[in-house]
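The values are calculated or read from the model by the stated rules, or taken from the named source; none is laboratory data. Note that the coordinates shown come from a computational prediction; the quantities given were computed from them, not determined experimentally. Note that each Cβ is placed from the backbone with ideal geometry, even for glycine, and that neighbours are counted across all protein chains shown.
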Amino acid sequence: MKRILIITTSLTGMGHKSASDSIEGELSSYKDLYVKTIEGFELGSEWYKAQSQIYSKSVKLSYDLWHFLWVTSDIGYKEINMYISKKIEKKFLATVKEVKPDLILTVQPMFVGSILNIMEHYYMDIPFGVCITDIVSISNFWTDKRANFVICPTEECKEACLVRGVDEKRIQSLSYPLRPQFLKVLDKSMDFRIQFMKRCELKNQVNILMVAGGDGTANFYDICDKIRKKLSHKYKFSITIVTGRNMVLKAELEKKFKVWGKDKRFYITVKGFVKNMEHEYMNNNIGILRASPGVMMEGVACRLPMIFFDYIPGQESGNGEFAQKNGIGTLCSSSEEIINKIENYIGEDFKVMKDMIYRQNEFYHKYLNKPLGKYLYDFINNKTTL
């Protein structure tokens, strides 16, 4: 039985964990394959593990602070990789001895060069692959010429790798790793979306999903207030706000919305952490979301017209422009701009939204129809060549 060791993390946002979950899900159909997924930061000491919180804390404190850290660390990536190598060496070697992998795959940039340093030092002859989970702006941590292959989800990502000296023969253009529940709706979402749009059009109803990521939140109260005052006389609105694990925000919004009372033409639901996000994506006309790679690709999987309100500087820079160029969403910088864009989306019998879901369908066939699982299985069984 062949063995794959996947290195991920849930300590620097959930994007990397979602990616590893997706890959595990795809590989689960191969019964002659053993997959072991580990938390990368647990390879170090508790003190080292605590350092992983720098990302989440700095992002919540100040985007400018995070951008500074992102830029400076990208400059000194070689030194940082050497530091990480020393911190994780002992447990990594023990893990390799235990798992005996035929392939090591990482979905987290901190565990690319740092792992390859250890493997090179100990003359470890194990294939090593990288699955990049950014789509436009990538850091130097992702790219290392020693990797056997680098999986790129977009042409922009591939170009960034080439600029950094990665051999084109080692680059694999494959799908962005979507969470298993979104993979299940991929093939049926287009037909569902068309029928759902028709039903909403007949009822003159607009369903809006707003998602507050842990790293970024629009002024949802202000947006809802503007929709209520400016648009609710023309359309019936059902708005769902998902605050995730931010229970303070959930309580704050519920308190504010309660003052408005009940309105048959304007209904708001505030939810906390939601497990079946694909259900929320599928049952809304418009998503007001942060321009993170995972959120964007999941929106496309569900053919959800999107408006992006925010992005993290550094690794998410360029994502909004990427969405606009491909016709899958729009980036807005203010509540007023978001309202104008909603009005634009729903005008002329939802024409803009209808056009967008067809553009998203084209995007799906270009970028999300090349499964990672088959490539990894073929690679580990020597059915692919560089």
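Before moving on, here are some points about what is shown:
- The range 197-227, residues that are out of contact with any Leu (no Cβ under 9 Å at 6 or more places or on another chain), within 30 Å of Gln315 (Cβ to Cβ) and at pLDDT 90 or above: Ile208, Asp222, Ile223
- Test: residue in the range 251-264 that is of a type in the set (Lys, Arg), touching a residue at least 12 places away in the same chain (Cβ under 8 Å) and at positive phi: no
- Residue check, Tyr123 within 27 Å of Asn382 (Cβ to Cβ), free of Cβ contacts under 8 Å to residues at least 24 places away in the same chain, surrounded by fewer than 21 Cβ atoms within 10 Å (Cβ to Cβ) and more than 23 Å from the chain's Cα centre (by Cα): yes
- Residue count for the range 222-272, restricted to those that are within 14 Å of Ile208 (Cβ to Cβ), among the hydroxyl-bearing types (Ser, Thr, Tyr) and under 29 Å from the mean Cα position of the chain (by Cα): 4.
- Residue match in the range 309-322 (condition: touching a strand residue (DSSP E or B) at 6+ places or on another chain (Cβ under 6 Å) and either in a loop (DSSP other than H, G, I, E, B) or β-branched (Val, Ile, Thr) (or both)): no
- The residues of the range 286-308 that are assigned to a loop (DSSP other than H, G, I, E, B) and either surrounded by fewer than 22 Cβ atoms within 10 Å (Cβ to Cβ) or at negative phi (or both), listed by number, are Ala291, Ser292, Cys302, Leu304, Pro305.
- Condition broken by Phe273, with the remaining ones in (1) buried (at least 20 other Cβ atoms within 10 Å of the Cβ); (2) touching a Gly at 6+ places or on another chain (Cβ under 7 Å) satisfied: (1)
- Across the range 171-186, a minimum of one residue is classified as part of a strand (DSSP E or B), at pLDDT 95 or above and farther than 15 Å from Gly373 by Cα.
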